[in-house]
Amino acid sequence: MPAPATLATLENQRQLGLYYTPDQLSEIICAWAVRTSRDQILEPSFGGCVFLRHISKALVGRGARKPERNVFGCDVEKAAFFHLAASFDEGFPEENFFKRDFLRLRREDFRNIMFDALVGNPPYVSYHNMNAAQRRAVRSLKDLEIKLQGRASLWAYFVAHSLHFLKHGGRMGWILPGSLVHTDYGVDLLTNLAKIFRQVTAIKLQQRCFGHVGTDESTVMLLCEDRSSFNESGKADIVDVKGVGECAALVGRLTGGIDRGLRIVPSDIDSEIANAYDEIRSTPGVRRLGELAGVKIGVVTGANKFFLVSQSKAKGLGLPKEALLPFLCRFYQAKGLFLKESDLNEMLLEDDACLFVDTRECEYDHRVQKYLKAFDTVARESNETFKKNEKWHQPPMGTIPDAFLSYMHHTGPRLVSNEANVYCTNSVHRVYFKPRISALHRLALAISVVSTIGQFSAEIEGRSYGSGVLKIEPSEAKQILVVAPPQADLGKLRAQAREIDALLRVGQAVKARCLADSCVYNLVPAIARRISQTRLRELLIILRNRRTSKLKLVVRKDDASRV
Ligand SMILES: C[S@@+](CC[C@H](N)C(=O)[O-])C[C@H]1O[C@@H](n2cnc3c(N)ncnc32)[C@H](O)[C@@H]1O
């Protein structure tokens, strides 16, 4: 087991992404990366030295007598150099190791060596959490072969910068967070790597590998093989495995001459899911939600607990009526397919905190002033959201949305028409239909999202969060499959939508979904020729069960082609 980073403080741990890799994962990567006794290998953020030890072991296994000569490394942390001294009995060549920011190193620093492989587990620091020096370092990287999208995390810059040091035919093996396959910048990076390596394989581990250091971050092992070669398919393979054992077996199949070029074959059920998804999305009449509507997060107040009050609290504070704007604060308050005035009245009766203290019309009213003054001054001055507003208590409101979409859900998302004409907080997404979207299409979209097709695509596009909740970011929501036929019987659709709404309100979600399925299959009959309602429901259940038991196994190929 790697030595813990006992010399680092907790603050350091967060800022430098100091989470050392489990021994076995590092061993798998090093055994794969080191091919001959002469290979020179670089670990750009070696930390507890677990990779360095396994590189040495793999070199010895290939016949090297003085493996430490071929091991190179870098780390910013003092603790890493204590680990280094303890890891090599024979000592280590000082000129091979740098206590520097890797992103500032150039080929000349490593005597222009082009490495046979780079391996490691770079710091997982989100763009949001980067400190000023880290931001300056990523901004200084002007000559990256792969350009990264603006808000990429630090680890992505490590991977991209590493390409400067890798020789033709070389390999890279990384332990990365799930954001490699879940974020736009991650998928973009993966897609670009697939263009410059013969084989790129991202192995998603269902097992949480960093639980021992108190993080629930999911793990992806990224293996890039044969730099600068033509990749026939131009695609990365994304494969799910249960745990470290299955991962080792899989990488074992990739290693060595005979299996070079072997494509990993997903299990039958995963292929069926991937095929069903492709079949449905290529059916004429089936569209992405984002083609017909924009999806944005709700109003960001910066302090929902302060700005949203209940009716009784507002009364107690004597806040004037003009300062109180009804809001949808929690998605569960929208129970069906429509949010009606009667739903708002119910929230008020229940004394839910659903009134936003809106100061735009009555900022100078003494009761409003008194309430604003109650906000702690220190907290106010350090609140990042407030800093972005012209007046700290007036968040940008935008226009009232046409509909709402759930952000996190135990089952699946729902699109709710905003008949009550209210805003919502950022725990709910706002949906704005594109101009000229007919009443028929609006209904068809709401019905589609609760149908099995909508729910199935949401499982594939969204991500599992916390204890298995399905989390759907706006960009993912736009990928949800919906039906939008050119014409249909509007009156009939309205009646069906009302029936679905009524079923949802009494908790009959499965019946509501089955009714939505018949509507969707009637609106676009061609779907039935591609997949039956029954089989699609079975596949949805498989996906949901995997998510709730954290066993998501979908193989998603060619993410770059997503709209
Ligand atoms: C996730 S830990 C991984 C350590 C080691 N690679 C492992 O797998 O156990 C990330 C490491 O990156 C180092 N680090 C953070 N920022 C760095 C930078 N800019 N340059 C080099 N190393 C850095 C940290 O000190 C830490 O040791």
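The values are calculated or read from the model by the stated rules, or taken from the named source; none is laboratory data. Just so we're clear, the structure is a prediction, and the values are computed from it rather than from any experiment. Every residue, glycine among them, receives a Cβ derived from its backbone with ideal geometry; neighbour counts consider all protein chains shown. What goes into the accessible areas is simple: the full protein's heavy atoms, side chains included, and nothing from ligands, DNA or RNA. Shrake-Rupley method; radii C 1.70, N 1.55, O 1.52, S 1.80 Å.
Quick notes on this one:
- The length gained on full extension between Arg69 and Asp109, counted as 0.36 nm times the residue separation minus their Cα-Cα distance, comes to 12.8 nm.
- Solvent-accessible surface of region 313-353, averaged per residue with a 1.4 angstrom probe and all protein chains in place: 54 square angstrom.
- Each residue, Arg537 and Lys167, gets one label point 7 Å from its Cα in the Cβ direction; the gap between the two is 6.0 nm.
- Paramagnetic reach from Asp278 in region 529-550 [backbone N under 16 Å; point 7 Å along Cα→Cβ]: 530-531
- Anisotropy class of the chain from Cα gyration tensor, a/c 1.5 cut: oblate
- For Ile297 and Ala85, a Förster radius of 56 Å and the Cβ-Cβ distance give a FRET efficiency of 0.70, rounded to the nearest 0.05.
- Region 304-319-region 480-499 distance, computed between alpha-carbon centres (Å): 40 Å
- Cα-centred dipole magnitude for region 10-262, charges only on beta-carbon of K, R (+1) and D, E (-1), debye, nearest 20: 500 debye
- Nearest 10 degrees, 0 to 90: helix 509-523 Cα axis against the chain principal axis: 90 degrees
- Two-site FRET efficiency, Arg367 against Lys511, from Cβ-Cβ distance with R₀ of 60 Å, rounded to 0.05: 0.80
- Share of carbon and sulfur in the accessible heavy-atom surface of region 377-493 [1.4 Å probe, %]: 50 percent
- Computed [θ] at 222 nm, deg cm²/dmol, the chain (DSSP H ≥ 4; -39,500 (n - 2.57); rounded to nearest 500): -11000 deg cm²/dmol
- Spin-label pair His410/Ser37, simplified geometry with 7 Å Cα→Cβ offset, distance in nm: 6.2 nm
- Accessible area per residue in Å² at 1.4 Å probe, computed on region 10-262: 40 Å²
- Label positions at Ala248 and Asp184, each projected 7 Å from the Cα along the C-beta direction, are separated by 4.0 nm.
- Packing here is the average count of other Cβ atoms within 10 Å per residue, and on that basis the peptides 144-152, 88-96, highest first, run 144-152, 88-96.
- With the convex hull of the Cα atoms taken as the outline of region 10-262, the averaged projected area works out to 12.5 nm².
- From most to least packed by mean Cβ count within 10 Å, the peptides 176-188, 153-165, 74-86 give 153-165, 176-188, 74-86.
- Of all accessible heavy-atom area on region 31-179, the percent that carbon and sulfur account for (1.4 Å): 48 percent
- Relative to the longest principal axis of the Cα atoms of the chain, the long axis of helix 50-61 makes an angle of roughly 40 degrees.
- Surface exposure of region 356-474, expressed per residue as accessible area with a 1.4 Å probe, stands at 43 Å².
- Annotation: Glu246 carries an accessible surface of approximately 80 Å², with a 1.4 Å probe and no ligand, DNA or RNA atoms counted.
- Angle of helix 452-461 to the longest C-alpha principal axis of the chain, folded into 0 to 90 degrees and rounded to 10: 40°.
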